Amino acid sequence: LGSATFQQKRADDGTMPIGSMKVVDEVTGEVQERVPQVCNSMYNLNHILRTQIMDSDYFKSLSALVTFADVVDEIFDKVTYATPFIPNTRVPSSCFCLLYKLFTMMPTYQQVQMLLKHPDSPFIKIIGILYVRFVVDPKEIWTFFEPLMADNTEVEPSN
């Protein structure tokens, strides 16, 4: 999984940077390329959802998670459905809070592929799919999704 910590970098106009960004894994020393994000400053999320995420106590508690492995473990432990809000509330779900956390971490290609191929929880894969859908360049999306076409895993998106 790697344990590199990540800092989000924004352009002066508030948009996410586009292009090649590299990160060094603190454990292996391996240089990896982050997946360029092609999105607005709200990661292409609805304004209300983003505001609710930013204001949520759960999202604020995620600041303690500094490595990609920590976030994946939290997804495994906390995500039980893949809706934006906790059913029948205006409280953002753990799924979308953790997705937003991943947006700010700007994972590498290897890490996004790990999410998409993760064998332990379908919700880890779902968050990977959502990540690609919201911030990856549309010209690149198929390279992430094509290998998933043969996946026949059934998941109930909500409980």
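Quick rundown of the values:
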quantity: Some residue of the stretch 96-114 being on the phi > 0 side of the Ramachandran plot and over 15 Å from the mean Cα position of the chain (by Cα); calculated: no
quantity: Pairs where the first residue, in the stretch 31-45, is within 21 Å of Gln111 (Cα to Cα) and without any contact (Cβ under 8 Å) to a residue 24 or more places away in the chain and the second is open to solvent by 60 Å² or more (accessible area, probe 1.4 Å) and of a type outside the set (Ser, Thr, Tyr), C-beta under 6 Å, 6+ apart; calculated: Val31/Lys22; Val31/Val24
quantity: Condition check for Phe85: over 14 Å from the mean Cα position of the chain (by Cα), touching a residue at least 12 places away in the same chain (Cβ under 8 Å) and over 16 Å from Pro36 (Cα atoms); calculated: yes
quantity: Residues within the stretch 55-72 that are at pLDDT 95 or above, open to solvent by 70 Å² or more (accessible area, probe 1.4 Å) and aliphatic (A, V, I, L, M), tallied; calculated: 1
quantity: Condition check for Leu49: among the aliphatic types (A, V, I, L, M) and closer than 18 Å to Val112 by Cβ; calculated: no
quantity: 2 or more residues in contact with a Gly (Cβ under 9 Å, 6 or more places away or on another chain): qualifying helices (runs of 4 or more DSSP H) within the stretch 48-158; calculated: 68-78, 109-117
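Each row is one residue, and each column tells you yes or no for (1) at positive phi; (2) touching a helix residue (DSSP H, G or I) at 6+ places or on another chain (Cβ under 6 Å); (3) open to solvent by less than 50 Å² (accessible area, probe 1.4 Å); (4) touching a residue at least 60 places away in the same chain (Cβ under 8 Å).
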{"site": "His118", "(1), (2), (3), (4)": "no, yes, yes, no"}
{"site": "Ile126", "(1), (2), (3), (4)": "no, no, yes, no"}
{"site": "Leu130", "(1), (2), (3), (4)": "no, yes, yes, no"}
{"site": "Asp137", "(1), (2), (3), (4)": "no, no, yes, yes"}
{"site": "Phe144", "(1), (2), (3), (4)": "no, yes, yes, no"}
{"site": "Glu154", "(1), (2), (3), (4)": "no, no, no, no"}
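The values are calculated or read from the model by the stated rules, or taken from the named source; none is laboratory data. This is a predicted model, so every value here is computed, not measured. All Cβ positions, even for glycine, are placed from backbone atoms using ideal geometry, and neighbour counts span all protein chains on display. Ligands, DNA and RNA are excluded from the accessible area calculation, which covers all protein heavy atoms including side chains. Shrake-Rupley method; radii C 1.70, N 1.55, O 1.52, S 1.80 Å.
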